[in-house]
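Here the structure comes first, spelled out in structure tokens, and everything after it is commentary.
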Ligand SMILES: Nc1ncnc2c1ncn2[C@@H]1O[C@H](COP(=O)(O)OP(=O)(O)O)[C@@H](O)[C@H]1O
Ligand SMILES: O=C(CO)[C@@H](O)[C@H](O)COP(=O)(O)O
């Protein structure tokens, strides 16, 4: 048995995986609160994750817990967990979806010599989502915490630290800091200097580790609290997208995954770094020794959930209403920039609903346009991937949104590609468990995943030629409407 833990944005999930039976033995989840402000603040307390994690694990069957041989941790990327020398978390965690650091991004980019230079040297532009600007923000806004800062950790690294006592960062998640030279897989000293020229930041960056070996073993006190055997090994884990790549089998070039979670992501596997000179695709490393070019939009289930909650509908009612509304939502267009946006780079963006008149103003169209907007937001990524020579002939779907049949078909139709869905929707938690199994077993990763992952044929979708033609038009219309938001919120 292997335990996968996923620290998502909206919830913590635990998944018990039975390797001998190639099946998920049990899952549990616990919702997480989010501290939001109109200025773009999006924060969580690291302690909330631990409370939720303990609640999740305690709900897994005891016999299964006792049989665990390894643990892997997945986590929302980029959040800054500032750790002090006495192991204390020094401040609330600014998350990947926090957009308050636009000014710091500008300052760092300027100090480094401009956006193009950042992309060329480090692989990525410095964007508010990434960790680099959050470190500079900490210095300017929470100076006492910054002075006491001993180690920079990311959300999943912090859980690894809590589990094992080890302060390390693995390459995949580290590449999302904006501070890693993603080709050489080492901290970029000039970028660290651009973040703070007055402090030797290399001293607070943890040692970097690869995914092939465990980072340590469970501390006895933690094993006892979680009801797990002593001496269980913990793999490096990784960012949730890196772990979802494992959980959906996107570990071989040519494969591509779409994740519909709080954010929407589109990512592929590559054997060399993919650096997009336009900066649309993030040049991340994978958590399996390769690279993981990725496009991320910040508002996926954010848009559907806000609309659904405003209309006071259940998930089932939303599904029915969207299925009943026509393709293109009768001209209603949602620009889903409710939390600001990364793609396009619009940190001060706001959500807009356009195209309404007295014939189309209905719950179904509002919900359908919110769902469509998440898919349109990723569609531009396909062009960016082909510009960067990443070919794709089908998509693997994961994340909470992939539970919706109408959303799955929409992805196939908008992308004009077949969509494959795994039996398990929790790609990130599953990937974390399978990474732990891979490290423990010593088997080849691709063979292990081929033997373990199973497709749910009943939920796979083929694109419909008629709908694809219709969506091409609606996608063009969406892009024209999005231009307006660029003018309004830049
Ligand atoms: N049947 C469904 N239809 C649409 N959205 C769904 C469905 N089931 C779950 N979701 C949405 O998926 C989201 C959670 O997705 P998840 O991938 O777990 O997010 P995260 O990892 O960012 O916390 C929730 O907002 C939830 O409403
Ligand atoms: O910032 C990114 C990727 O760069 C996000 O994908 C986060 O990693 C959050 O993921 P979810 O909570 O939406 O799964």
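The values are calculated or read from the model by the stated rules, or taken from the named source; none is laboratory data. Since the structure is predicted, the reported quantities are computational estimates derived from the model, not experimental observations. Note that each Cβ is placed from the backbone with ideal geometry, even for glycine, and that neighbours are counted across all protein chains shown.
When you check residue 39 against the structure, is it free of Cβ contacts under 8 Å to residues at least 12 places away in the same chain, away from ligand 2 (no atom under 16 Å from the Cβ) and out of contact with any helix residue (DSSP H, G or I) (no Cβ under 9 Å at 6 or more places or on another chain), yes or no? Reasoning before the result, please.
Values: free of Cβ contacts under 8 Å to residues at least 12 places away in the same chain: no; away from ligand 2 (no atom under 16 Å from the Cβ): yes; out of contact with any helix residue (DSSP H, G or I) (no Cβ under 9 Å at 6 or more places or on another chain): yes.
So residue 39 does not fit the description; no.
Looking at 424, 352, can you tell me which residue is farther than 25 Å from residue 479 by Cβ and not in a helix (DSSP H, G or I)? Let's see the steps before the verdict.
Details: 352 fails: farther than 25 Å from residue 479 by Cβ.
That would be 424, the only listed residue that is farther than 25 Å from residue 479 by Cβ and not in a helix (DSSP H, G or I).
Identify the residue in region 262-291 that is closer than 30 Å to residue 219 by Cβ and in contact with a strand residue (DSSP E or B) (Cβ under 8 Å, 6 or more places away or on another chain) and, among all such residues, is farthest from ligand 1 (Cβ to nearest atom).
Ranking the candidates gives 285 first.
I'm trying to understand the selection: among the residues of region 242-254, which are away from ligand 1 (no atom under 12 Å from the Cβ) and touching a strand residue (DSSP E or B) at 6+ places or on another chain (Cβ under 7 Å)?
242, 245, 248, 249, 250, 253
Looking at region 143-178, which of its residues are assigned to a strand (DSSP E or B) and over 22 Å from the mean Cα position of the chain (by Cα)?
Within region 143-178, 151 is the sole residue that qualifies.
How many of the residues in region 421-442 are farther than 17 Å from residue 241 by Cα and in contact with a helix residue (DSSP H, G or I) (Cβ under 8 Å, 6 or more places away or on another chain)?
Within region 421-442, residues that are farther than 17 Å from residue 241 by Cα and in contact with a helix residue (DSSP H, G or I) (Cβ under 8 Å, 6 or more places away or on another chain) number 3.
Restricting to region 383-414, name every residue that is in a loop (DSSP other than H, G, I, E, B), over 21 Å from the mean Cα position of the chain (by Cα) and over 18 Å from residue 245 (Cβ atoms).
Passing the criteria: only 389.
Output the residues belonging to region 330-345 that are surrounded by 22 or more Cβ atoms within 10 Å (Cβ to Cβ) and in contact (Cβ under 8 Å) with a residue 60 or more places away in the chain.
333, 335, 337, 339, 340, 342, 343
Could you tell me which numbered condition residue 373 fails, if it satisfies all but one of (1) within 16 Å of ligand 2 (Cβ to nearest atom); (2) surrounded by 24 or more Cβ atoms within 10 Å (Cβ to Cβ); (3) not in a helix (DSSP H, G or I)?
(3)
Taking into account only those residues within region 66-88 that are assigned to a strand (DSSP E or B) and under 30 Å from residue 349 (Cβ atoms), which is nearest to the chain's Cα centre (by Cα)?
Top of the filtered list is 75.
Return the residues of region 185-233 that are free of Cβ contacts under 8 Å to residues at least 40 places away in the same chain and buried (at least 18 other Cβ atoms within 10 Å of the Cβ); say none if nothing qualifies.
The answer is 187, 192, 223.
Of everything in region 459-490, what is closer than 30 Å to residue 425 by Cα, in contact with a strand residue (DSSP E or B) (Cβ under 9 Å, 6 or more places away or on another chain) and either modelled with pLDDT under 95 or assigned to a helix (DSSP H, G or I) (or both)? Give them in sequence order.
459, 474, 478
Given the conditions (1) over 17 Å from residue 343 (Cα atoms); (2) more than 19 Å from the chain's Cα centre (by Cα); (3) modelled with pLDDT of 95 or more, report the number of the one that residue 105 does not fulfil.
(1)
Look through region 1-31, keep the residues that are within 22 Å of the chain's Cα centre (by Cα) and either without any contact (Cβ under 8 Å) to a residue 12 or more places away in the chain or not in a strand (DSSP E or B) (or both), and return whichever of them is farthest from ligand 2 (Cβ to nearest atom).
10
Select from region 109-131 the residues that are surrounded by 24 or more Cβ atoms within 10 Å (Cβ to Cβ), away from ligand 2 (no atom under 13 Å from the Cβ) and not in a loop (DSSP other than H, G, I, E, B) and list them in ascending order.
118, 122
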